[in-house]
Amino acid sequence: MSYRESINTHYGKPDLTARILDHLQRQGIELEHLKWEDLIDFDQFHGGGMKSTLWLAEATGLGPGMRVLDVGAGIGGTARVWCTKFGCTVFGIEPAEEFCNAAERLTSLVGMSDQINFICDDVAEVELPDNSFDVAMFVNTLMNIEDEAGIFRKVYRSLKPGGRLAITARTATPLTYEGFLYPCPWASDPSTNFLATAESTHADLIAAGFSDVVWEATPGEKSDETPPTPIGPAPFGLIMNIDVVAMRRNNQLNTSAGRLGSLRAVVRKRV
Ligand SMILES: C[S@@+](CC[C@H](N)C(=O)[O-])C[C@H]1O[C@@H](n2cnc3c(N)ncnc32)[C@H](O)[C@@H]1O
């Protein structure tokens, strides 16, 4: 299976767009009057949910007229919130075909296609214009990216001078690969799991030319207590193609075994 097929098989339920539209109609929502707010119960597709989406916008200083690159745009939920609340435009890259189709259709139904464009591809394969974006976002995407150093160099070139790159991610620890349990939220097996330590991500960012603005790295810690809901309450079962119950349990066990750290960061391109 190719990388993109593996990513799509892990993330996107077959016929995802139709499933989502059916879910909305069952709630009594008329599609011709669909609003971006009708989607927020499930379209912020990362553990931190809406709180994290808003933190990323504030930490990067998103504002009217800014151009945002969203690497791993999911079903477009973060893009729709940033455009609506902060007046920017977004170019989203999303390799999972089911997600990309849903992102385009939902964005069109809420009337935001003039502010948001998606390309269905792996960021490694996409040519990005130089000095074009004010902000680049990696919202829980980095764990799937093998050539982190190369992608940071590519994104660095595509940012305008002074442009910011923001990351939320789970990170590797010295215990990560001792009995790591699958499926986890971002991978069904080791073939698409590219967890990096916060230290190596930092080194790759600095080597690409970035400097720190915010750096909040939390190391993994062993705990006798199973953390209550480490990936939040979002109804991932609506959109993900994997066994979501096993995924949640494994995420809790990987976390309490000290196999996962986390990172929130904003870095800046030289002026
Ligand atoms: C946990 S989801 C987060 C989606 C979205 N950022 C959000 O928060 O709603 C991670 C996303 O990264 C995407 N992804 C994985 N590998 C990628 C790659 N090589 N290039 C771009 N996106 C990728 C996945 O398909 C998936 O949609």
Pair residue 55, residue 182: separation of 7 Å Cα→Cβ label points (nm): 2.9 nm
Cα-based Rg of segment 77-147 normalised by 2.2 N^0.38 Å, two decimals: 1.11
For segment 135-174: span of alpha carbons on each principal axis (Å, largest first): 35, 17, 15
Beta bridges by DSSP in segment 79-189, antiparallel share as percent, to the nearest 5: 10 percent
Partnerless cysteines, meaning none of the other Cys C-beta atoms lie under 4.7 Å away, in the chain: 83, 88, 184
Under Karplus coefficients 6.51, -1.76 and 1.60, residue-wise ³J(HN,Hα) of segment 124-130 in Hz, glycine/proline x: 5, 9, 8, 7, 10, x, 6
For the chain, share of DSSP beta bridges that run antiparallel, in % to the nearest 5: 50 percent
Globularity ratio of segment 1-89, using Cα Rg and 2.2 N^0.38 Å: 1.22
Fluctuation leader among 178, 94, 148 - the chain, Gaussian network, Cα springs under 10 angstrom: 178
For the chain, built as a Gaussian network whose Cα springs stay under 10 Å, the top-fluctuating residue of 80, 19, 67: 19
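Could you tell me which of rounded, prolate or oblate describes segment 1-157, using a ≥ b ≥ c as the square roots of the eigenvalues of the alpha-carbon gyration tensor, with rounded for a/c under 1.5 and, failing that, prolate when a/b is larger than b/c and oblate otherwise?
Details: a/c = 1.84, a/b = 1.23, b/c = 1.50.
It is oblate, given that a/c is not under 1.5 and a/b is not larger than b/c.
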Cut-off of 10 Å, at most 16 other beta carbons, DSSP loop: longest stretch of the chain lacking such chymotrypsin sites (Phe, Trp or Tyr not before Pro): 1-176
Semi-axis lengths, Å, segment 3-268, gyration tensor of Cα atoms, sqrt of 5 times eigenvalues: 26, 24, 16
Highest-MSF residue in the chain out of 28, 111, 92 [GNM, Cα springs under 10 Å]: 28
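Quick one: putting +1 on the C-beta of Lys and Arg, -1 on the C-beta of Asp and Glu, what dipole do you get for the chain around its Cα centre, in Debye to the nearest 20?
Magnitude of the dipole: close to 660 debye.
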Amide H contacts of residue 92 (H built 1.01 Å from N, under 5 Å, at least 5 apart or other chain): 70, 117, 118, 119
Percent of C-alpha pairs per 5 Å bin, segment 69-213, short to long: 2, 9, 18, 22, 19, 16, 9, 4, 1, 0
Amide H contacts of residue 136 (H built 1.01 Å from N, under 5 Å, at least 5 apart or other chain): 69, 164, 165, 166
Residue-by-residue Karplus 3J(HN,Hα) for segment 157-172, coefficients 6.51, -1.76, 1.60, Hz, glycine and proline x: 4, 7, 7, 6, x, x, x, 10, 10, 10, 9, 10, 6, 7, 10, 7
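Bear in mind these aren't lab numbers, they're just calculated from the coordinates by the rules spelled out. For clarity, every value in this text was computed on a predicted model and none was experimentally measured. Cβ atoms come from the backbone with ideal geometry, glycine included; neighbour counts cover every protein chain shown.
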